[in-house]
Amino acid sequence: MENHPFQVITSHKNNLIRILDNLKEGIIAHDLDRRIIFFNREAEKITGFRREDVLKKSCDDAFGTALCGANCHFCKDDCTPENDEEYTTNIITKNGETRRVEMTLTAMFDDAGNQKGVLASMKDVTDYLQLQIRARKLTSFAEIIGQDAKILQVFEQIRDVAGYDFPVHVSGETGTGKELVAHAIHNESARGGGPFVPINCGALPEGLIASELFGHVKGAFTGAHRDKMGRFELADGGTIFLDEVTDLPKPIQVTLLRFLQEGTFERVGDEKTITVDVRIISATNKALKTEVAHGRFRDDLFYRLNVIPIHLPPLRKRRTDIPLLIEHFLYKTEKQYDRRSHRISREAMALLMDYHWPGNIRELQNAVQFAMVRAKGHVIRREDLPLEIRPEKSVAGSAIRRHKRGRRRRLTPEAVTAALETTGGNKSRAAKQLGVGRATLYRFLARHSELN
């Protein structure tokens, strides 16, 4: 007896479900009304939601919120992916855990070519990422380049804090990449598809800071010709980054403290209370505790902002990352201008590795771009580097370098004379250049009075 056509169709459908259920990737599909029409076993395992609890429900009804926050294509007005769209994002599981997944989106069409929905496949790479970090196999993360143990620790901190909305304070010298870390935390969190609003607090005119941050109403002050939204309103649903936060005046610190406590504020000249959903990440190149000790920063605000501190090491403390960063800057510039690739000569690389980089990564990027412009061919040589990185060769310089290369810090009249000449007679700087203490240099000069 032949099977009824309906039985054949049902059998094929069941076989297809069994096949999809045995895949090692989570499969989610929704129709044009954003109703979940398919959810396989691996999707259950990754997300923690059961199939029977999400099928035929919209994204919000099924998951309680967008599964992957503001990144969720299920919740966008235009959910038609361009070809096969691939990206990495974080999702929030049923138990509130953050998982990192690789997503691939594909539009689904019927036989007539009409779109019927979206198919999303996901692969959980959370544990793999952690293993890469611990095994020091990772060279970049969230557009931050590095493999030094100190920067790998920062990668882990970014991953750890991304799943929470607690305030984060990023400290580090100028040019270490504090805004890049703040952006990474934002992108790795469920707020990743929302706005990221950076503010340099030190660059805002003091009389307009309150208006810039919290907005104003028409007529609030001279020149307020219309209502204006502040940065906090613009960041609603996302993250606000307060760079150089210690430059905020005391009255604004009070307003910021209140926002951190209650999540509310008023526009300048208005009595209406505004509530926004914003995560705050702050940063400074100053010692925050020192600013508090000197009375320039409120201690109660310090404790509110410094819930999760992240410190970025200076480039001189992670010199092994310099070749990686140089390679990244070369690739990025060459791709932008469609130029043939450059390489660094051995001598130029040695100078770049030995330089102390007071401007950190920003200064390194500038130096690489400068050298690319100066290079006559496709090899960046010593003479192509900025002057401060390549001190002019001289007999004096050679004497200093010969001395510094030696295993023992034995002073010679020639090396000391050269050091004093290059530092303009500054004995402290000369001692540092010679690799000895000031007392050692003073004793040497006392024995060699002809050098004074």
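The values are calculated or read from the model by the stated rules, or taken from the named source; none is laboratory data. Since the structure is predicted, the reported quantities are computational estimates derived from the model, not experimental observations. Every residue, glycine as well, gets a Cβ built from its backbone with ideal geometry; the counts of neighbours run over all protein chains shown.
Can you confirm whether V245 is within 16 Å of D165 (Cα to Cα) and of a type outside the set (D, E)? Against the criterion (within 16 Å of D165 (Cα to Cα) and of a type outside the set (D, E)), V245 does not qualify. Would you call R343 under 30 Å from L257 (Cα atoms), among the basic types (K, R) and surrounded by 12 or more Cβ atoms within 10 Å (Cβ to Cβ)? So R343 fails the test. Using the structure shown, decide if Y337 is exposed (fewer than 14 other Cβ atoms within 10 Å of the Cβ), within 22 Å of S140 (Cα to Cα) and outside the structural domain of G215 (by TED's automatic domain parsing). No; evaluated as a whole, the condition is false for this residue. Looking only at residues in the stretch 149-204 that are of a type in the set (K, R) and touching a helix residue (DSSP H, G or I) at 6+ places or on another chain (Cβ under 7 Å), the one that is nearest to I92 (Cα to Cα) is R191.
If the condition is being among the hydrophobic types (A, V, I, L, M, F, W, C) and in a loop (DSSP other than H, G, I, E, B), then the stretch 26-43 contributes only L32. Among the residues in the stretch 137-157, are any over 13 Å from the mean Cα position of the chain (by Cα) and basic (K, R)? The answer is yes, given that some residue of the stretch 137-157 is over 13 Å from the mean Cα position of the chain (by Cα) and basic (K, R).
Within the stretch 416-433, the residues that satisfy the criterion of being farther than 20 Å from R390 by Cβ and in a helix (DSSP H, G or I) are V416, T417, L420, K427, S428, A430, A431.
Here E212 meets the list (1) more than 19 Å from P309 (Cα to Cα); (2) in a loop (DSSP other than H, G, I, E, B) almost entirely, failing just condition (2).
Each row is one residue, and each column tells you yes or no for (1) closer than 25 Å to P313 by Cα; (2) surrounded by 20 or more Cβ atoms within 10 Å (Cβ to Cβ); (3) touching a Leu at 6+ places or on another chain (Cβ under 7 Å); (4) among the polar types (S, T, N, Q).
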| site | (1), (2), (3), (4) |
| --- | --- |
| A235 | no, yes, no, no |
| L260 | no, no, no, no |
| G263 | no, no, no, no |
| D270 | no, no, no, no |
| T275 | no, no, no, yes |
| V278 | no, yes, no, no |
| N285 | yes, no, no, yes |
| H294 | yes, no, no, no |
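Condition test on G48, is it at pLDDT below 85 and on the phi > 0 side of the Ramachandran plot? Answer is no for this residue. Is the stretch 169-176 home to any residue that is outside the structural domain of N90 (by TED's automatic domain parsing), of a type in the set (D, E) and under 13 Å from the mean Cα position of the chain (by Cα)? Among the residues of the stretch 169-176, not one is outside the structural domain of N90 (by TED's automatic domain parsing), of a type in the set (D, E) and under 13 Å from the mean Cα position of the chain (by Cα), which makes the answer no.
Restricting the search to the stretch 192-204, which residues are modelled with pLDDT of 85 or more and either within 14 Å of the chain's Cα centre (by Cα) or of a type outside the set (A, V, I, L, M) (or both)? Within the stretch 192-204, G194, P195, F196, V197, P198, N200, C201, G202 meet the criteria. Scanning the stretch 204-242 for residues that are over 18 Å from K272 (Cα atoms) and in contact with an Asp or Glu (Cβ under 6 Å, 6 or more places away or on another chain) gives L204, G237.
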